[in-house]
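Undergrad: Encoded as structure tokens, here's the structure I'll be asking about.
The values are calculated or read from the model by the stated rules, or taken from the named source; none is laboratory data. Quick caveat: nothing in here was measured; it's all calculated off a predicted structure. Ideal geometry is used to build each Cβ from the backbone, glycine not excepted, and the neighbour counts take in all protein chains shown.
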Amino acid sequence: MSRFGRRSLAVAAGLLLDRVFGEPPAAVHPVAAFGRVMLHLERTSWADRRGAGVRYTAIGIALGAGAGALGRSTAGAVALTSAGRELRRVAAGIGDQLIAGDLEAARAALPSLVGRDPSELDASGVAAAVIESLAENTVDAVVASAFWGLVAGAPGAGAYRAINTMDAMVGHHSARHERFGWAAARTDDVANLLPARLFALLVAAQVPGRAAEVWRIVRRDAGAHPSPNAGVAEAAVAAALGRQLGGPLRYGERLEERPRLGDGPRPGATDVVRARELVDRVEWSLIGLLVAVAVVDHLRDRRA
């Protein structure tokens, strides 16, 4: 088996490890430790200039790639940089609260998934937020980690998680981070460009009867989203479920007008369950695809 085939199996193993064991406690999680280091670096190196943010981002990528290289295990790096199990667990908990009619508990739990203000959301608004998070974060926490692990092994998975973590920390619109966080945000956009579209392809494969609708909605609606990648992921899931996502969001005092994604009614509590099952199948199909790549690679080597 070639190096690529072995790496494909290692990436599949990493996703399976996350499914079985989940994330380590925050006190010993390498990603949490990286976040603490980068928080200190931001405090000591911040300047209201893009150049300062470029240096911050370059250091973070080097740290992430270096940590992956030191670990020397693609399976271990993918397991530590993936979070599909935890994402689905939290989403399932909020979905259960909505089904039970406990809107206040669902609102209280929502900030663990999204940054928007949940205080004025009704049950449908909470459901939409959870489904959008499942779509976007399955790209970030599953597909992209696997993709970059396949492309560049453990250093690739480590560098990707560093990019995504820095984007979450400084890559948003605020007075402090508008310029400083520009490099982290743009690098994250580039890193997720192909994984987001692979996710949409995998979503379409899960709903063959609606595959054409998935591609129609992605082409029609994704481009209006402020993120070139989240729009693709959310539009694909909206079309697969036959529900409408998007719409106005509130982040503290800031109201952001987001485009509507998809056709159909607004989602309800049971749609959270459907979305969770959908992204779970997406991850299983990704694992199957990685194993198939390794098998084909092995058979080709035997014939050669």
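Undergrad: Which residue out of 88, 116 is surrounded by 19 or more Cβ atoms within 10 Å (Cβ to Cβ), in contact (Cβ under 8 Å) with a residue 12 or more places away in the chain and farther than 26 Å from residue 285 by Cα?
TA: 116
Undergrad: Out of the residues in the range 164-180 that are in a helix (DSSP H, G or I) and surrounded by 24 or more Cβ atoms within 10 Å (Cβ to Cβ), state the one that is nearest to the chain's Cα centre (by Cα).
TA: As a first pass, look at the range 164-180 and keep what is in a helix (DSSP H, G or I): 164-170.
From the residues that got through so far, the ones that are surrounded by 24 or more Cβ atoms within 10 Å (Cβ to Cβ) too are 164, 166, 170.
Details: 164: 9, 166: 14, 170: 17 Å.
Applying the filter and picking the extreme gives 164.
Undergrad: Among 200, 183, 235, which is part of a helix (DSSP H, G or I), among the small types (Gly, Ala, Ser) and in contact with a Ser or Thr (Cβ under 6 Å, 6 or more places away or on another chain)? Show your work before the answer.
TA: Details: 200 fails: in contact with a Ser or Thr (Cβ under 6 Å, 6 or more places away or on another chain); 235 fails: in contact with a Ser or Thr (Cβ under 6 Å, 6 or more places away or on another chain).
That would be 183, the only listed residue that is part of a helix (DSSP H, G or I), among the small types (Gly, Ala, Ser) and in contact with a Ser or Thr (Cβ under 6 Å, 6 or more places away or on another chain).
Undergrad: Do the conditions hold for residue 272, that is, is it touching a Ser or Thr at 6+ places or on another chain (Cβ under 7 Å) and either closer than 24 Å to residue 85 by Cα or basic (Lys, Arg) (or both)?
TA: no
Undergrad: In the range 94-141, which residues are outside any helix (DSSP H, G or I) and at pLDDT below 95?
TA: 113, 114, 115, 116, 117, 118, 119, 120, 121, 122 - these are the residues of the range 94-141 that are outside any helix (DSSP H, G or I) and at pLDDT below 95.
Undergrad: Now for a separate question. Only one of 8, 82 is modelled with pLDDT of 95 or more and within 19 Å of the chain's Cα centre (by Cα). Can you tell me which?
TA: 82
Undergrad: Filter the range 196-221 down to the residues that are surrounded by fewer than 24 Cβ atoms within 10 Å (Cβ to Cβ) and closer than 30 Å to residue 61 by Cα and list them by number.
TA: 197, 198, 201, 202
Undergrad: Just give me the residues in the range 164-207 being closer than 20 Å to residue 131 by Cα and without any contact (Cβ under 8 Å) to a residue 24 or more places away in the chain, in sequence order.
TA: 168, 201, listed by residue number.
Undergrad: Looking only at the range 250-265, how many residues end up being buried (at least 18 other Cβ atoms within 10 Å of the Cβ) and modelled with pLDDT of 95 or more?
TA: 2
Undergrad: Quick test of your reading of the structure: residue 190 fulfils all but one of (1) farther than 22 Å from residue 257 by Cβ; (2) in contact with a Pro (Cβ under 7 Å, 6 or more places away or on another chain). Name the failing condition by number.
TA: It fails just one condition, (2).
Undergrad: So, one more: Which residues, counting only those in the range 11-42, are farther than 26 Å from residue 176 by Cα, among the small types (Gly, Ala, Ser) and either assigned to a helix (DSSP H, G or I) or under 21 Å from the mean Cα position of the chain (by Cα) (or both)?
TA: Hits for the range 11-42 are 12, 13, 14, 22, 26.
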